Amino acid sequence: MKLSDIAECIGGILHGDGSVEISAVASLEDATCGSISLLASKKHTDKLLQSKASAFILPAGLSCEKAPFISCENPMVAFAKVIRLFHPLPSPKGIDEDAVIEKDVKSGQDMTIYANAFVGEGAILGDRVSLYPGVYVGAGVTIGDDTILCPNVVINDGSEVGKRVVINAGTIVGGEGYGFVWDGTKHLKIPQVGKVVIGDDVEIGANCAIDRATLGKTEIKKGTKIDNFVHIAHNCTVGENTLIVAQTGLSGSVEIGNNVILSGQIAVSDHLKIGDGAIVAGKSGVTKNIEAGAKVGGFPTRPIMEWKRIQKSLEKLPEIRKTVDSLCKKIQKIEDEESNNA
Amino acid sequence: MKLSDIAECIGGILHGDGSVEISAVASLEDATCGSISLLASKKHTDKLLQSKASAFILPAGLSCEKAPFISCENPMVAFAKVIRLFHPLPSPKGIDEDAVIEKDVKSGQDMTIYANAFVGEGAILGDRVSLYPGVYVGAGVTIGDDTILCPNVVINDGSEVGKRVVINAGTIVGGEGYGFVWDGTKHLKIPQVGKVVIGDDVEIGANCAIDRATLGKTEIKKGTKIDNFVHIAHNCTVGENTLIVAQTGLSGSVEIGNNVILSGQIAVSDHLKIGDGAIVAGKSGVTKNIEAGAKVGGFPTRPIMEWKRIQKSLEKLPEIRKTVDSLCKKIQKIEDEESNNA
Amino acid sequence: MKLSDIAECIGGILHGDGSVEISAVASLEDATCGSISLLASKKHTDKLLQSKASAFILPAGLSCEKAPFISCENPMVAFAKVIRLFHPLPSPKGIDEDAVIEKDVKSGQDMTIYANAFVGEGAILGDRVSLYPGVYVGAGVTIGDDTILCPNVVINDGSEVGKRVVINAGTIVGGEGYGFVWDGTKHLKIPQVGKVVIGDDVEIGANCAIDRATLGKTEIKKGTKIDNFVHIAHNCTVGENTLIVAQTGLSGSVEIGNNVILSGQIAVSDHLKIGDGAIVAGKSGVTKNIEAGAKVGGFPTRPIMEWKRIQKSLEKLPEIRKTVDSLCKKIQKIEDEESNNA
């Protein structure tokens, strides 16, 4: 592919020789002759100078003398597009004869269903859906166009998955919520008969678990991106374009707004609300509602700057303790002298 | 189904017209005409007044004028029963011809074994057992009557699973314990050749991992309920009717008593004991034994009230620090004056 | 097996009657007649005295009068070898006719491939490889000799797995890294097209997730042992003979050295380096680089002794707070008196 073609594809401004042939995309360190690479920010200029890449993508305003480059307003977005150019999605492979398709399944066009995938009764599959080996699609499930379910993904009965969704391997959608009530002699199961609804353009990492609602639905709205090992309990609602980083867990009936960022290893107690645009630092324990736009951290959560101030003071705590002890002695001494004087 | 029949089934007292036909069960918010719904406590009375349900389940002592209702001592238990009435467990489907059953397997009556399930040599399956697609039952495993293994559950060789057990999708029972010993040049594996024993009426969430013992057994006793992503290491014992919430991990050889509650994202260090009826708050790090009946939280764990007091003081720490600084100066001043006076 | 043969196999010194027949290996508590058991350290001598084992393995320097024993410099290493003697690895079973092997796969000798395992186009499998049911080996994957992939393990396209590797059930190798960039209207996926490289003798627990690199590779070097539920994000490097305990998560591009110990439920922020031989305590949050050989704990991490001192002071915090309040009053009183005197 010619560099000038790449520049056109990604909408960047070409500087230098556009006829250079580019055959691969690579990091600055790993690039070899024929590769295109990215300088994401000025601070990695050293790496660029040592790189063997034949062309670069640079942020607008920067330039480079050693090789032709494409100047981009948002170089990371441009680079994402370049990677896709050199690594296109695979073409449809059809339905393998060892796939198990139960009765009354409604199939789309140009699907890829591998051996050992299972599609339950009455499921509806959109166009260009990909089901890898070991995928389980339960009875009555709906899967939208262009959605990819990686190996061993489970979508339990009645769930709805939108378009252009990617679910990485081993993730379970629609497992039973954790709902029990003590009946005097045992924990009686509250049957979990609701569903999970996943919006368009949602991506979910590997080995996640999103539980079905007790009644009604657990919902992940469009454009939200979820990392590995995220636990979303029954009846939660997660808004649009929200990011949930690895190993975070939401208890039952939590409501997360749009454009929220939940960092890794966070726990959120049940029935809480986190407003639009809020940011929660990693390892936090959320035990009360969080306002829209708030930036919080800690357990319990506090405004992030306050939490950092506490962390800083904490370092000094053993010293503070000693100081307080010595102050006590000094004051005792002063008081003793005063009473002697009196 | 007539409301009077429902009242009889769940052992509640009918108030109002028992001939009303009920066709569904729903939450107060989602209920439509023909639904029965639950008012769990007085504080949601507003929702009841706006609900479109045709009948309600109410706690004994409350009443409602807008529709007939069933009065119940334990309304949540009653509601769990009503949900099951409208969502009965599926009937047996037999053994699919694409299921893989190795030799010498002893099968029960009325089983459901889906395509792509695998049952290893010499396994013993009880009556009405359900094995979903992708389930792996290892050699010599025993599965009790009415037990349900959801898609892609793995029960490794030699494990024993009781009656009426439900294991959600993706959970691994009997993986190798994490046991190594440094032999001077490498971490040598200590072979993990024990088993896992799971008692009757245990329920386990999605994507959990319960490791086999090094020797002997890892045991989960009857009636215990485990949420998603729970890690139980080799040689642990978990008592009866205990609750373990999501993303909690037990290190090796931990002993948990009966009726314990472990909240989410807890870690328990190896070889510790947690006594009957103890309650551990979320995100705690348990590094010493916990007495029966104790309520603890934090890392390291402390009595819950003490831990909350510390959390509260922590908020004031930056202020305390400043106060101590100013006290130091004041005392210095007093001391200086005294020495001047002397 | 004769005790004398066992002594020879494990290179220990036999004391007492070597003709005793040993048929099993068990813990001191569970041992019955015919078993051999281990006294790992002197403090469990009571259990040895009550044990029904017919022979023991003892640390060099200890002895026992009730039964013959084998004296070993490293008794745990010896015991690991004895367990393997009585529980040898299974012999090869060949390739099941219900396994799915795509075209151009290069197969080794003496493999075991169960029904419902899937091997993608162009994969290379070493000698004596075992693939259990539900395993997915993607296109172009390399699996080294003697490697065992337990049920439902997923190795995505292009990954490389070394020799003598054990990966427990449900683990996902090569899932897509969590990489997105905001393009002004949505989180655009940065295609994750790198691979995962796993060295020889690595062992990985159940339900882990090791993401493929964006470009280049995510690497786990030889001899490293990983527990259940460990999350390793894109572009991480983990050194040799490192231990990572359950439920720990590494963010993107983290570099872990050799012989490091990461305890359970740790989080490590992106792009950090942890030096050779460092030890990080459980539940820590690592937010800055850690020097080789350092022992740290807490969130943020501090030298372990400092962190413990802070924890200890924390217990006294409510008391310190009260003391500071009373000091304030006392000083106020002294100052008031002084101004009165003046």
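The values are calculated or read from the model by the stated rules, or taken from the named source; none is laboratory data. Note that the structure is a prediction, hence the values are computed from the model and not measured. Here the Cβ is made from the backbone with ideal geometry for all residues, glycine too, and neighbour counts use every protein chain on show. Accessible surface areas use protein heavy atoms only, side chains included; no ligands, DNA or RNA. Shrake-Rupley method; radii C 1.70, N 1.55, O 1.52, S 1.80 Å.
For A:P300, the conditions (1) open to solvent by less than 60 Å² (accessible area, probe 1.4 Å); (2) more than 13 Å from chain C (Cβ to nearest Cβ); (3) within 22 Å of the chain's Cα centre (by Cα) are fulfilled apart from (3). Selection of first residues in segment C:158-181 that are facing another protein chain (nearest Cβ under 10 Å) and more than 28 Å from A:V165 (Cβ to Cβ) and of second residues that are open to solvent by 10 Å² or more (accessible area, probe 1.4 Å) and of a type in the set (K, R), restricted to Cβ pairs under 9 Å at least 6 apart or on distinct chains, gives the following pairs, ordered by first then second residue: C:V166/B:K189. In the condition set (1) more than 9 Å from every other protein chain (Cβ to nearest Cβ); (2) out of contact with any Leu (no Cβ under 6 Å at 6 or more places or on another chain); (3) surrounded by 18 or more Cβ atoms within 10 Å (Cβ to Cβ), C:K308 is compliant with all but (3).
Within segment B:311-321, the set of residues being open to solvent by 50 Å² or more (accessible area, probe 1.4 Å) and within 10 Å of chain C (Cβ to nearest Cβ) comprises B:K312, B:K316, B:E319, B:R321. The set of residues in segment B:106-141 being surrounded by fewer than 20 Cβ atoms within 10 Å (Cβ to Cβ) and of a type in the set (S, T, Y) consists of B:S107, B:T112.
Selection of first residues in segment B:226-248 that are modelled with pLDDT of 95 or more and of second residues that are part of a loop (DSSP other than H, G, I, E, B) and basic (K, R), restricted to Cβ pairs under 7 Å at least 6 apart or on distinct chains, gives the following pairs, ordered by first then second residue: B:H234/B:R212; B:V238/B:K221; B:G239/B:K221; B:E240/B:K221; B:E240/B:K222; B:N241/A:K186.
The residue that is farthest from the chain's Cα centre (by Cα), counting only those in segment A:322-340 that are surrounded by fewer than 16 Cβ atoms within 10 Å (Cβ to Cβ) and facing chain C (nearest Cβ under 10 Å), is A:E338. Taken over segment B:182-196, the residue count meeting the criterion of being more than 7 Å from chain C (Cβ to nearest Cβ), open to solvent by less than 20 Å² (accessible area, probe 1.4 Å) and either in contact with a helix residue (DSSP H, G or I) (Cβ under 7 Å, 6 or more places away or on another chain) or not small (G, A, S) (or both) is 2. Among the residues making up segment B:283-295, those that are crowded, with 22+ Cβ neighbours inside 10 Å and either away from chain C (no Cβ under 11 Å) or of a type outside the set (G, A, S) (or both) are B:K283, B:V286, B:I290. Within segment C:148-164, the residues that satisfy the criterion of being surrounded by 24 or more Cβ atoms within 10 Å (Cβ to Cβ) and in a loop (DSSP other than H, G, I, E, B) are C:C150, C:P151, C:N152, C:V153, C:N156, C:S159. When residues in segment C:21-51 are screened for being more than 14 Å from chain B (Cβ to nearest Cβ), over 20 Å from B:V193 (Cα atoms) and surrounded by fewer than 18 Cβ atoms within 10 Å (Cβ to Cβ), 6 of them pass. Among the residues making up segment A:248-263, those that are open to solvent by 20 Å² or more (accessible area, probe 1.4 Å) and under 15 Å from the mean Cα position of the chain (by Cα) are A:N258, A:N259, A:I261, A:S263. For C:N116, state whether it is of a type outside the set (A, V, I, L, M, F, W, C) and in the same structural domain as C:N156 (by TED's automatic domain parsing). So C:N116 passes the test. Within segment C:1-20, the residues that satisfy the criterion of being under 30 Å from the mean Cα position of the chain (by Cα) and buried (at least 17 other Cβ atoms within 10 Å of the Cβ) are C:I6, C:A7, C:I10, C:G12.
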